[in-house]
Amino acid sequence: MSITCQTTPKKDKFRMPGEHEAHAEMWMAWPERTDNWRYGGKPAQQVFVNVAKAIVEVTPVTMAVSAAQYDNARRMLPENIRVVEMTTNDSWMRDIGPSYVVNDQGERRGVDWEFNAWGGLVDGLYFPWDRDDQVAQKICEINRDDRYRAPIILEGGSIHVDGEGTLYTTEECLLHESRNPDLGKSDIEQVLADYLNIEKVIWIPRGLYNDETNGHVDNLIHIVRPGEVILSWCDDENDPQYEISQEAWRGLCETTDAHGRQLKIHKMHIPGPLYIQDDEAGGIDICEGMERSAGERLAGSYANFLITNQRIILPLLDPAYDEKAKALLQDLYPGYEVVGVDAREILLGGGNIHCITQQVPAV
Ligand code: KQY
């Protein structure tokens with residue numbers, strides 16, 4: 001049974017744990033949307049398999065798959081990955097799955113945000129998005145977890161929490177006219193405090209350059225541990241990312257977290273710059289919302305990695321920077337295993353490994 005709670009996590013003393021805390025399970029969704037993934041999602045499906053395999057060695061994985069793709073996915077995925085039939089509009093589980101909260105009594109509940117495909121009718125990426133909006137509820141039902149339906153439009157990739165009261169986000173996304181135009185900064189902070197039980201929001205002005213999500217924070221930074229973050233960096237003054245990273249750096253240097261800690265910031269150079277190549281622009285259906293032409297700048301970032309049960313799944317995106325990114329993570333996470341997965345195909349769909357996964361915390 002899964003009850004829809006009429007209270008809030010804060011009232012009920014639930015909090016959202018940090019990604020570095022223990023996970024019971026990981027959810028993903030199978031790519032097949034022909035206007036987002038080239039060649040009917042066939043190349044992307046293989047990469048999703050690779051990501052799932054890298055995760056399942058440390059955390060059980062469930063893949064949500066359409067009826068049409070069930071046989072194919074079941075055949076492509078190893079038997080230790082659970083495949084469940086579920087209708088979705090696309091495959092960005094970070095954004096459509098529940099943000100889980102936990103309490104000190106070992107209970108877990110899902111927070112189910114409203115979803116409008118990154119901007120609804122203003123600048124959303126596709127229409128309709130109703131099946132995606134149902135995914136968090138369906139996962140809570142399958143997991144027998146109670147659920148809160150939160151009263152704002154929000155995607156999981158637009159927030160990072162440290163589990164100790166601090167939430168990071170970008171103004172570009174959460175204050176965008178296409179999300180919650182009737183709410184101001186303090187209204188949004190109040191909803192985040194009520195539904196995730198955080199005490200402080202750190203607002204970063206902008207997300208990664210040319211990110212079609214309106215600047216999701218999970219493409220710009222990652223929390224290493226409370227009080228410590230990785231920031232996507234760019235040394236080239238002529239690259240538009242340069243000023244975005246400088247601005248984020250200045251803001252993060254000047255602020256403190258919910259515990260009054262000054263932040264330790266680690267710079268992680270972005271790959272590339274990366275662009276859609278001629279041969280990568282073929283095999284994809286036309287769509288009004290998503291720009292997939294040759295020459296389009298890709299929002300590539302190593303910060304879009306996933307932490308799960310002492311393992312880091314790192315997107316490999318550029319031989320010129322991959323090893324440096326891996327070495328930095330190895331250094332920052334002693335005792336963790338850093339596993340790289342070639343992730344360009346996910347990037348061509350507009351996101352990366354963090355965006356296609358959603359953890360269920362262990363309780
Ligand atoms: O960054 C994410 N969390 C999702 C990216 C969505 C891209 C849709 N084409």
Shape descriptor, the stretch 1-70: equivalent ellipsoid semi-axes (Cα gyration tensor, sqrt 5λ, whole Å, largest first) stand at 31, 17, 11
By how many nm would the segment from Glu199 to Thr256 lengthen if fully extended, with 0.36 nm per residue of separation less the alpha-carbon distance?
-> 19.3 nm
Taking a crude spin-label model, label points 7 Å out from Cα along the C-beta direction, the Gln246 to Ala294 distance in nm is 3.4 nm
With x for Gly and Pro, the residue-by-residue ³J(HN,Hα) of the stretch 204-212, computed from phi through the Karplus equation 6.51 cos²θ - 1.76 cosθ + 1.60 at θ = phi - 60° and given in whole Hz, is 9, x, 10, x, 4, 4, 6, 7, 6
Expressed in nanometres to one decimal, the distance between label points 7 Å along Cα→Cβ at Glu228 and Lys11 is 3.8 nm
Å³ per residue of the Cα convex hull, for the stretch 242-301?
-> 131 Å³
With only alpha-carbon atoms counted, please give the Rg and Dmax of the stretch 143-188, in Å.
-> 12.3, 35
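Residue separation times 0.36 nm, minus the C-alpha to C-alpha distance between Gln137 and Ala327: what's the value? Please report the intermediate quantities before stating the final value.
Values: separation 190, 0.36 × 190 = 68.40 nm, distance 3.85 nm.
Between Gln137 and Ala327, full extension yields 64.6 nm more.
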For the chain, share of DSSP beta bridges that run antiparallel, in % to the nearest 5 = 40 percent
According to a simple spin-label model (label point 7 Å from Cα along Cα-to-Cβ), what is the distance in nm between Ala67 and Arg82?
-> 2.2 nm
Between Asp182 and Asn238, take the C-beta separation as r, use R0 = 25 Å, and let me know the FRET efficiency to the nearest 0.05.
-> 0.05
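Above 22 Å lies some portion of the pair distances; for the stretch 263-346, what is it as a whole percent of all C-alpha pairs? Display every interim value, and only then the final one.
Working: 1238 of 3486 pairs.
Everything past 22 Å amounts to 36 percent.
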Just the accessible area per residue of the chain, please: how many Å² with a 1.4 Å probe?
-> 39 Å²
Using a probe of 1.4 angstrom, how much of the accessible area of the stretch 1-41 is carbon and sulfur, in percent?
-> 56 percent
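Could I get the Rg over Rh figure for the stretch 180-249? Both from C-alpha atoms, Rh via Kirkwood, rounded to two places. Please report the intermediate quantities before stating the final value.
Details: Rg = 13.9 Å, Rh = 13.7 Å.
That ratio equals 1.02.
Pop out the Kirkwood hydrodynamic radius of the stretch 146-304 from its pairwise C-alpha distances, inverse of mean 1/r, in Å to one decimal.
Working: mean 1/r = 0.0597 Å⁻¹.
Kirkwood hydrodynamic radius for the stretch 146-304: 16.7 Å.
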Cross-link pairs Lys267/Lys324; Lys185/Lys267; Lys138/Lys185; Lys200/Lys324; Lys53/Lys326 - those with Cα-Cα distance over 23 Å | Lys185/Lys267; Lys138/Lys185; Lys200/Lys324
Can you give the Rg and Dmax of the chain based on its C-alpha atoms, in angstrom?
-> 18.8, 55
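Leaving out ligands, DNA and RNA, what percent of the accessible area of the stretch 126-192 is carbon and sulfur, probe 1.4 Å?
Details: 1120 of 2620 Å².
Reported share for carbon and sulfur atoms: 43 percent.
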Trp249: accessible area at probe 1.4 Å, nearest 10 Å²?
-> 70 Å²
Label point at Asp279 placed 7 Å out along Cα→Cβ; residues across the stretch 27-45 whose backbone nitrogen lies under 15 Å = 39, 43
Measure of size requested: the Rg and Dmax of the stretch 208-266, with Cα atoms as the atom set and Å as the unit; please supply both.
-> 12.0, 37
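The values are calculated or read from the model by the stated rules, or taken from the named source; none is laboratory data. None of the values given here were measured: they were computed from a predicted structure. Note: ideal-geometry Cβ built from the backbone for every residue, glycine included; neighbour counts use all protein chains shown. The protein model used for the area step is the full one, side chains on, heavy atoms only, and it has no ligands, DNA or RNA in it. Shrake-Rupley method; radii C 1.70, N 1.55, O 1.52, S 1.80 Å.
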